[in-house]
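Asker: Handing you this structure, nothing more for now.
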Amino acid sequence: MRKDLSAILAVVTGTAGAQIITLAFTPLLTRIFTPEAFGHLGVFVALSTILMPIAALTLPMAVVLTKSNNEAKALSKLSTCIALLACLIFTLFIVLNKPWLVNVLNAQGDGMYLYSVPAVVLFGAMLQLSENWSIKLSLFKLRAKISILHALIINLLKLGVGFFIPYAITLIVIAIVNPLINALLLGLPVKNAIKNETESLPNNDYRQLLARYRNFPLFQSPQALLNALSQSAPVVILAALFGPVSAGFYTFSRTILAIPITLIGKAVGDVCYGRFSKQVNLQQFAQAKKYFVHTTFYLSVVALLPLGIIWFFGPALFSLIFGEKWFEAGVYAQWLSLWTYFILINAPSLKLLIVLKKQKQSLLINIISMPVRIAMLILGGHYGNDEWLALKLFVLASVIHNLVIIALAYISCEQKNKNSNNRAINYDS
């Protein structure tokens with residue numbers, strides 16, 4: 001446990017440094033860029049986020065579960081080939097449907113930036129591979145240093161270029177190169193760490209490799225797609241129903257609220273993923289359950305302070321720190337903080353379900369909940385013509401979804417523990 005705390009501390013320290021840098025730059029950026037500019041950025045990022053799980057079929061996540069670095073290298077090559085093919089398909093779709101996309105999304109200008117979506121999706125797949133390799137190799141201190149360097153580079157780019165070109169296109173171009181820069185910064189040290197190892201898997205074994213980790217393309221990828229749809233749909237729907245300014249307020253508030261998720265949730269989730277993987281491989285289900293309960297409880301306590309502040313003082317804080325024109329973003333943040341709280345404490349659950357190979361059950365929950373959440377958003381936005389009602393209904397449905405996922409993770413681990421104990425008793429008998 002002490003080793004895990006050290007790893008979590010390393011990731012949190014690096015992420016905290018990165019978030020401090022981002023927060024320091026944000027009040028300057030909000031006085032350069034308008035809510036409309038953030039709205040167009042939000043639509044671009046939303047489209048990229050939706051396509052990301054399809055690109056490599058979430059196979060990069062399986063790198064952590066491989067039993068050797070050689071197998072992980074082969075899986076990385078397979079993931080890259082699939083991502084390249086997917087991005088070619090995405091590009092063809094955009095070329096054939098560009099006028100329709102521009103009209104539906106209220107895209108800025110002639111929507112030329114839509115052609116860049118496949119590129120950022122490909123860069124995102126590269127970043128996923130680098131991140132999961134760093135988890136497999138336990139390079140948490142390295143990730144901490146790179147997080148700070150990456151945040152500094154990206155925010156300096158936004159401020160420097162935005163000072164002369166304060167338009168949405170600046171934010172979009174930087175969003176395109178963002179994952180590429182991060183992937184290169186993290187990927188090069190990872191490559192050096194494994195460069196002396198040779199690949200032992202011949203090409204004709206890639207089909208067997210894909211079959212071995214079939215749960216990821218079959219269940220994890222659709223589940224990630226549904227999660228991405230539920231996360232990104234509000235931006236697209238708000239842009240379509242109420243215009244880019246409303247989408248901008250939502251996008252900005254989500255960006256600020258992503259700080260505790262990135263700072264705490266992702267760090268804890270990544271460390272838990274490695275810990276759960278080792279415990280389950282050793283059939284230590286009781287320890288995995290105990291570790292899951294403890295981390296979820298600690299997260300629920302830690303998350304109360306930052307998100308409680310947003311809940312009570314969101315509009316006033318946003319106006320004071322980011323400027324008066326961002327008051328409505330603070331109102332968005334108030335309601336979204338409730339959803340963010342449960343996303344944060346849900347981090348260990350998602351990793352445990354992957355390790356326990358419960359992607360099928362998790363996918364089923366997402367198949368049911370995603371249409372419900374989207375329907376709540378449309379019900380309030382389109383039929384009620386009230387963006388606040390749409391937001392509240394969406395948040396309520398999302399909170400219920402996260403509670404169900406947490407319950408599934410606990411029950412699944414408890415069942416595995418009971419089955420393991422029963423086998424041990426029968427063996428002794």
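Asker: Only one of V117, V104, V11 is within 23 Å of S246 (Cα to Cα), of a type in the set (V, I, T) and at pLDDT below 90. Can you tell me which?
Answerer: Working: V117 fails: at pLDDT below 90; V11 fails: within 23 Å of S246 (Cα to Cα).
None of the others qualify; the one that does is V104.
Asker: Still on this structure, please answer the following. For a quick check of your reading of the model, give me the residue pairs whose first member lies in segment 257-286 and is hydroxyl-bearing (S, T, Y), whose second is in a helix (DSSP H, G or I), with beta-carbon atoms closer than 7 Å and at least 6 apart or on different chains.
Answerer: Qualifying pairs under 7 Å: T262/T15; T262/Q19; Y273/V64; Y273/I135; Y273/K351; S277/V64; S277/L65; S277/V355.
Asker: Looking at the structure I just gave you, is L393 touching a Gly at 6+ places or on another chain (Cβ under 8 Å), more than 26 Å from S412 (Cα to Cα), hydrophobic (A, V, I, L, M, F, W, C) and without any contact (Cβ under 8 Å) to a residue 24 or more places away in the chain?
Answerer: Details: touching a Gly at 6+ places or on another chain (Cβ under 8 Å): yes; more than 26 Å from S412 (Cα to Cα): yes; hydrophobic (A, V, I, L, M, F, W, C): yes; without any contact (Cβ under 8 Å) to a residue 24 or more places away in the chain: yes.
Considered against the rule, which asks whether it is touching a Gly at 6+ places or on another chain (Cβ under 8 Å), more than 26 Å from S412 (Cα to Cα), hydrophobic (A, V, I, L, M, F, W, C) and without any contact (Cβ under 8 Å) to a residue 24 or more places away in the chain, L393 comes out as yes.
Asker: When L350 is evaluated against the numbered criteria (1) over 21 Å from the mean Cα position of the chain (by Cα); (2) aliphatic (A, V, I, L, M); (3) open to solvent by 30 Å² or more (accessible area, probe 1.4 Å), which criterion, by number, is the only one it fails?
Answerer: (1)
Condition check ((1) in a helix (DSSP H, G or I); (2) of a type in the set (A, V, I, L, M, F, W, C); (3) at pLDDT below 90) across all residues:
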residue	(1), (2), (3)
I374	yes, yes, yes
I378	yes, yes, yes
G381	yes, no, yes
W388	yes, yes, yes
L396	yes, yes, no
V399	yes, yes, no
N402	yes, no, no
I405	yes, yes, no
Y410	yes, no, no
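Asker: Could you list all residues from segment 367-380 that are closer than 9 Å to F394 by Cβ and either loosely packed, with under 14 Cβ neighbours inside 10 Å or touching an Asp or Glu at 6+ places or on another chain (Cβ under 9 Å) (or both)? Even if it seems obvious, please write down each step before you answer.
Answerer: Looking only at segment 367-380, we keep the residues that are closer than 9 Å to F394 by Cβ, and these are 373-374, 376-377, 380.
G380 - this is the single residue of segment 367-380 that is closer than 9 Å to F394 by Cβ and either loosely packed, with under 14 Cβ neighbours inside 10 Å or touching an Asp or Glu at 6+ places or on another chain (Cβ under 9 Å) (or both).
Asker: Here's a follow-up. Just give me the residues in segment 134-153 being in contact (Cβ under 8 Å) with a residue 60 or more places away in the chain and open to solvent by less than 20 Å² (accessible area, probe 1.4 Å), in sequence order.
Answerer: I135, A144, I146, A151
Asker: Another question, then. Would you point out the residue of segment 164-211, among those that are at pLDDT 90 or above and open to solvent by 60 Å² or more (accessible area, probe 1.4 Å), that is farthest from L363 (Cα to Cα)?
Answerer: So the residue we want is F164.
Asker: Counting residues that are closer than 23 Å to I343 by Cβ, which helices (runs of 4 or more DSSP H) fully inside segment 179-272 reach at least 2? Let's see the steps before the verdict.
Answerer: Working: elements: 206-212, 221-242, 244-260.
It comes to 221-242, 244-260.
Asker: Only one of P53, P99 is open to solvent by 20 Å² or more (accessible area, probe 1.4 Å), at pLDDT below 90 and assigned to a helix (DSSP H, G or I); which? Talk me through it step by step, then tell me what you get.
Answerer: Details: P53 fails: open to solvent by 20 Å² or more (accessible area, probe 1.4 Å).
Step by step, each of P53, P99 is checked, and only P99 is open to solvent by 20 Å² or more (accessible area, probe 1.4 Å), at pLDDT below 90 and assigned to a helix (DSSP H, G or I).
Asker: Which one of T296, T340 is out of contact with any Phe, Trp or Tyr (no Cβ under 9 Å at 6 or more places or on another chain), part of a helix (DSSP H, G or I), polar (S, T, N, Q) and open to solvent by less than 40 Å² (accessible area, probe 1.4 Å)?
Answerer: On the way: T296 fails: out of contact with any Phe, Trp or Tyr (no Cβ under 9 Å at 6 or more places or on another chain).
Exactly one residue qualifies, and that residue is T340.
The values are calculated or read from the model by the stated rules, or taken from the named source; none is laboratory data. Only a predicted model underlies this, so the values are computations on that prediction, with no experimental measurement involved. Positions of Cβ are generated from backbone atoms using ideal geometry, with glycine treated the same way; all protein chains shown enter the neighbour counts. Areas reflect the complete protein model, heavy atoms only, side chains present, ligands, DNA and RNA absent. Shrake-Rupley method; radii C 1.70, N 1.55, O 1.52, S 1.80 Å.
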